[in-house]
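Chemist: I'd like to ask you about the structure that follows.
No value in this document is a laboratory result; all are computed from the given coordinates. Predicted model, so just to flag it, every value in this text is computed and none were measured. Note that we place each Cβ from the backbone using ideal geometry, even for glycine, and neighbour counts take in every protein chain shown.
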Amino acid sequence: MRSNDSQFKSKIGLIAATAGSAVGLGNIWRFPAETQANGGAAFLLIYAVCVLLLGIPVMLGEFSIGRAGGSDPIGCYHRLSPDKKWWMIGTTGIIASYLILCFYTVVAGWTLEYLTQSVTGSLYGEVSADVSANSATFSGIMTENISSAWSPIINTLILVLITFLIIIAGVQKGIERVSNILMPLLFVLLIVFCVVSLTLPGAGKGVSYFLNPDFSKVTMSTVVNALGQAFFSLSLGMGALMTYAAYFPKSTRLGRTAVTVSIFDMAVAIMMGLIIFPAIMSFGLEGEQFEGASLVFVTMPEIFAKMGGTQIWSIMFFTLLLLAALTSVISVAEVAVRMFQDRFKFSRLKAALCVIIPLIAISPLCSLANGPLHDFRILGMDLFTLFDTVATNILLPIGALLMCIYLGWFAPKGLMYGQLSNHGTFRARYAGLVLFIIKWIAPLILLTILVSQFL
Ligand code: TRP
């Protein structure tokens, strides 16, 4: 049972697990695509400002509520403000986490398929000597990999099963131990790719695309996208970090933890940019049409096909993606698992089953939404896009907004300062600034962003 499993064991493990939640497909798959769609370096800069100015304070808010409440998101609000309805914010979080879980496991399943095909070599079976034909080849493979009926479902379910096994192993023996192994591995892989990509001939052009801002391309939607990306990437807005913070020991310094995790998360995104853009330029692929998923699932295989040691690079790359995805999936799943444990006093196994069994039914529907069920639409979107949009663009900002309003205006006095200073054991000089941002700036910006989506 949880009694002796209610905290992370070591400082490093705590950071690894929390960074594991933050670093995910959001950094590796979504970030480069968003950067490209929003004009390169200017997006990067605005994203970095969003992380520092809003991301870190909101993360500190989640940490504070989580550690003070010591429960799942619903339970945290309930304990901190009993007799009030604030626990409903937690409900938004649980719903968002479930929606994210449904489509995120599907994308994670793709990475597994790509890894398998890299190992067997079938991904590169049809590579032609006429390299210009390869883009079409890999696009075709991608379409087949994600839109066929069975194989993506099977991969998704394998991933769900792995998540289940790690979750039921517990916080220390499951989540913490796995993060301790996977996160360093992920970092090593990233560094290897950075070195390789930056030493390719012509890499400089890619670096300057990525790092020289062109502000003429900045519009309101660039800012909205940068903020959305920052929140998604830092796992904010639905209580994932709140749930993890409930496992933080009393002595953990929340400020340091939030800064470390955010810098780490941003570093991974930036390294990913330094991998992808130089490689694209160096291999002369910049004229091709990239969007979203195709950047890692089409462009990267195309690049590997042109390099010596194709399969090895490909295996390493998709391992990287899979590791990043897995530690994030675990954190999203943990939110609902903890909820079942705390609300209904279920054992961890029973709670995990309650989360996983419906997932086994719903994830495949999200998977099929890219194939046979593509024409089944709600609000004009297929199921996969619907879940993504509702969770990422609507529920996450709403959850974060309500949390800031709660913390800034309605939470018990001194709650956040007490958490930031570990009840006065040291002076948290930045606390005033953080509270000011949570009380005034974050709600205003979040509200603007939410409203702007409906205009
Ligand atoms: N941050 C993860 C990523 O970048 C995804 C993720 C994990 C997430 N937990 C979350 C996103 C909670 C939003 C909320 O891929």
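Chemist: Taking the Cα centre of the chain as origin, work out the dipole magnitude from +1 charges on Lys and Arg Cβ and -1 charges on Asp and Glu Cβ, in debye rounded to 20.
Modeler: Roughly 2240 debye for the chain.
Chemist: Moving on to the next point. Starting at the first residue of the stretch 5-22, write each ³J(HN,Hα) from the Karplus equation 6.51 cos²θ - 1.76 cosθ + 1.60 with θ = phi - 60°, in whole Hz, x for Gly and Pro.
Modeler: 10, 9, 9, 5, 7, 10, 4, 4, x, 5, 5, 4, 5, 5, 5, x, 5, 5
Chemist: Given axes a ≥ b ≥ c from the Cα gyration tensor, I'd like to know whether the stretch 320-455 is rounded (a/c under 1.5), prolate (a/b larger than b/c) or oblate.
Modeler: oblate
Chemist: Continuing with this model, one more query. Quick one: net charge around Tyr104, please, counting Lys, Arg +1 and Asp, Glu -1 for every other residue with C-beta under 14 Å from its C-beta.
Modeler: -1
Chemist: Which angle from 0 to 90°, rounded to the nearest 10, does the C-alpha axis of helix 150-168 make with the longest principal axis of the chain?
Modeler: It is inclined by approximately 30 degrees.
Chemist: Mind running the shape call on the chain? Use the C-alpha gyration tensor, a ≥ b ≥ c as the square roots of the eigenvalues: rounded below 1.5 for a/c, prolate if a/b tops b/c, oblate otherwise.
Modeler: On the way: a/c = 1.70, a/b = 1.43, b/c = 1.19.
Prolate, because a/c is 1.5 or more and a/b exceeds b/c.
Chemist: Among Ser421, Ser233, what is the fewest-to-most ranking by other Cβ atoms within 10 Å?
Modeler: In increasing order of surrounding Cβ atoms, one gets Ser421, Ser233.
Chemist: Same structure, new question: List the equivalent ellipsoid semi-axes of the stretch 1-145 in whole Å, largest first, each obtained as the square root of 5λ for an eigenvalue λ of the Cα gyration tensor.
Modeler: 40, 20, 16
Chemist: Using only Cα atoms, tell me the angle between helix 56-69 and the longest principal axis of the chain; keep it within 0 to 90° and round to the nearest 10.
Modeler: Roughly 50 degrees between the two axes.
Chemist: Let me ask something else. Between Phe410 and Phe454, what is the label-point separation in nm under the 7 Å Cα-to-beta-carbon projection?
Modeler: 1.8
Chemist: Could you list log10 I(q)/I(0) for the stretch 81-196 at q = 0.12, 0.16, 0.17 Å⁻¹, which the Debye formula gives when each Cα is one point scatterer?
Modeler: -0.68, -1.03, -1.09
Chemist: Taking the C-alpha atoms of the stretch 330-409, how large are the radius of gyration and the largest Cα-Cα span, Dmax, in Å?
Modeler: 15.9, 48
Chemist: Can I ask one more? When the Cα centres of the stretch 315-340 and the stretch 28-85 are compared, how far apart do they sit, in Å?
Modeler: Distance between centres, Cα-based: 17 Å.
Chemist: Related question: Do the sum for the chain: with -39,500 (n - 2.57) for every DSSP H run of n ≥ 4, divided by all residues, what is the mean residue ellipticity at 222 nm, to the nearest 500 deg cm²/dmol? Working shown, then result.
Modeler: Working: 21 runs with 301 residues, N = 455.
My calculation for the chain gives -21500 deg cm²/dmol from helical runs alone.
Chemist: At a 10 Å Cβ-Cβ cut-off, how would you order Cys194, Cys102, Cys50, Cys76, fewest neighbours first?
Modeler: Fewest-to-most Cβ neighbours within 10 Å comes out as Cys194, Cys50, Cys102, Cys76.
Chemist: Let me ask another. Arranged by the count of other C-beta atoms within 10 angstrom, fewest first, what order do Arg79, Arg67 take?
Modeler: The order, fewest Cβ neighbours first, is Arg79, Arg67.
Chemist: Need the list of lysines near Lys350 for cross-linking: C-alpha distance under 19 angstrom, and skip anything on the same chain fewer than eight residues off.
Modeler: Here the lysines satisfying the reach criterion relative to Lys350 are Lys173.
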